[in-house]
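Every read-out reported here was derived from the displayed coordinates using simple, explicitly stated rules and does not represent laboratory data. Keep in mind it's a predicted model, so treat the numbers as computed, not measured. Note that we place each Cβ from the backbone using ideal geometry, even for glycine, and neighbour counts take in every protein chain shown.
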Amino acid sequence: MDTFTALSVIALAALIHASFQLGVSTITLLSSHGAGKKVAAGKISRLVGSFLAGTITVTTFLVFALLYFTTTLELWQKPNSLWTAISGALAALGIAVWIFYYRRGTGTPLWIPRAFARFLTARVRSTSLSVEAFSLGLTTVIAELPFMITPMITATLALAFLPADLQVLGAFGYVAVASLGIIVVAVLIGGGHNISHIQRWREANKHFLQFAAGTGLVVLAFYLYVNQVVAVAAAGAGIQ
Amino acid sequence: MPLAVDVVKRGGKRPNEVFDPSKLHASIYATCLSVRSLDGHADDTAKHVCSVVISWIDNKPEVTSADIRHQGAKALETLHPDAAYLYKHHKQIM
């Protein structure tokens, strides 16, 4: 995999990661409940900032941990079976996103079990300290790992192909792009945008976001399969 | 003061409660504040919605919490569409 291909894989994986919505839902609820309880705007901003810091921290930790294992175990140099498995997982995840990332009905209810959604909502309601908001950020990223982990592993495998000095930059770039959705909503809330308008936009565009994320995963799967499995096999067989 | 109306909660999964307008007022008031209404406006809106729901509930021996929410949202829609949207959908954000 050349540098350009690796960077394009990292960018696409990060954009797919950014399209996942649990963090955005949680940050929307956090600011909505804060305002409803007459919490000062400054404190809401601090809670939102702490939540954002929590999500960025755990995403950074996970990306660097996966990068460490990938490079230490030299997973990126493993045979085609690894890339076949990754391609298959990405394609399956893409189909899963198309089918059940959002539940049917109005609003933006996500795939997470309802009992867990109620638990998270209760935690959001009782969040009053920055440290609680920070841990809520950690929890939401971990809760969405079933969807996030495969693009994250794909990105770290691609990162391993980069020169050493670019790997750290690429990892931070992944985290920045992956956190873009939450950052944008946090900035909008901090800028005084109405929560109702943000939520309406999310509801109006949820099917587009779902389709885009699912399609992105399938495209990435196909791209990696052709680039890392078919092309390598063809080269091995001496086919140009 | 609570009215002598039983509220069936979550389709009977939780024990019934006597209808308490102050709980409705608190939830409408909080929703209005969530969409950045001013305090006085939020209070007036919540009072108006409560009076509409109370007049709807009058003479009914039993209502469900979903009925109250539906009637509250309908009354709120005319006064504050943004708050009504959030009130209707706050359980479907996550």
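Selection of first residues in segment B:30-44 that are more than 9 Å from chain A (Cβ to nearest Cβ) and closer than 20 Å to A:GLY191 by Cβ and of second residues that are among the acidic types (Asp, Glu) and surrounded by 16 or more Cβ atoms within 10 Å (Cβ to Cβ), restricted to Cβ pairs under 7 Å at least 6 apart or on distinct chains, gives an empty result.
Filter segment A:54-91 down to residues that are of a type in the set (A, V, I, L, M) and under 13 Å from the mean Cα position of the chain (by Cα) and give me whichever is nearest to A:ALA186 (Cα to Cα). Among them, the one singled out is A:ILE56. Residues of segment A:183-194 that are surrounded by 14 or more Cβ atoms within 10 Å (Cβ to Cβ) and within 14 Å of another protein chain (Cβ to nearest Cβ): A:VAL185, A:LEU188, A:ILE189, A:GLY190, A:HIS193, A:ASN194.
I'd like the full set of residues that are out of contact with any Gly (no Cβ under 8 Å at 6 or more places or on another chain), without any contact (Cβ under 8 Å) to a residue 40 or more places away in the chain and surrounded by 15 or more Cβ atoms within 10 Å (Cβ to Cβ), limited to segment B:53-69. Hits for segment B:53-69 are B:TRP56, B:ASP67, B:ARG69. Inspection of segment A:19-31 finds a residue satisfying the criterion of being touching a His at 6+ places or on another chain (Cβ under 9 Å), within 14 Å of chain B (Cβ to nearest Cβ) and in a helix (DSSP H, G or I).
Residue under question is A:PRO146, and the condition is that it be surrounded by fewer than 19 Cβ atoms within 10 Å (Cβ to Cβ), away from chain B (no Cβ under 14 Å) and not basic (Lys, Arg); does it hold? Full working, then the answer.
Details: surrounded by fewer than 19 Cβ atoms within 10 Å (Cβ to Cβ): yes; away from chain B (no Cβ under 14 Å): yes; not basic (Lys, Arg): yes.
Yes.
Annotation for segment B:81-90: at least one member residue is more than 13 Å from the chain's Cα centre (by Cα) and surrounded by fewer than 15 Cβ atoms within 10 Å (Cβ to Cβ). Only a single criterion out of (1) away from every other protein chain (no Cβ under 13 Å); (2) of a type in the set (Lys, Arg); (3) under 26 Å from A:PHE116 (Cβ atoms) is not satisfied by B:LYS74, namely (3). Could you look through segment A:195-214, keep only residues that are surrounded by fewer than 18 Cβ atoms within 10 Å (Cβ to Cβ) and either in contact with a Phe, Trp or Tyr (Cβ under 8 Å, 6 or more places away or on another chain) or within 13 Å of another protein chain (Cβ to nearest Cβ) (or both), and pick out the one that is farthest from A:GLY94 (Cα to Cα)? Only one residue fits best here, namely A:HIS197.
Quick check on this structure: which one of A:PRO109, A:PRO113 is of a type outside the set (D, E, K, R) and within 18 Å of A:ALA18 (Cα to Cα)?
On the way: A:PRO113 fails: within 18 Å of A:ALA18 (Cα to Cα).
When all the criteria are applied, what remains is A:PRO109.
Determine whether B:LEU76 is buried (at least 19 other Cβ atoms within 10 Å of the Cβ) and hydrophobic (A, V, I, L, M, F, W, C). Judged against the criteria, B:LEU76 is a match.
If you go through segment A:161-170 and keep only what is within 16 Å of A:THR60 (Cα to Cα) and surrounded by fewer than 21 Cβ atoms within 10 Å (Cβ to Cβ), you end up with A:LEU166, A:GLN167, A:VAL168, A:LEU169.
For segment A:144-187, the candidate set comprises residues that are of a type in the set (A, V, I, L, M, F, W, C) and within 21 Å of A:GLY34 (Cβ to Cβ); within that set, the residue that is nearest to the chain's Cα centre (by Cα) is A:ILE182.
Looking at segment B:53-82 only, could you name the residues that are closer than 22 Å to B:ARG10 by Cα and of a type in the set (Val, Ile, Thr)? Within segment B:53-82, B:VAL53, B:ILE54, B:ILE57, B:VAL63, B:THR64, B:ILE68 meet the criteria.
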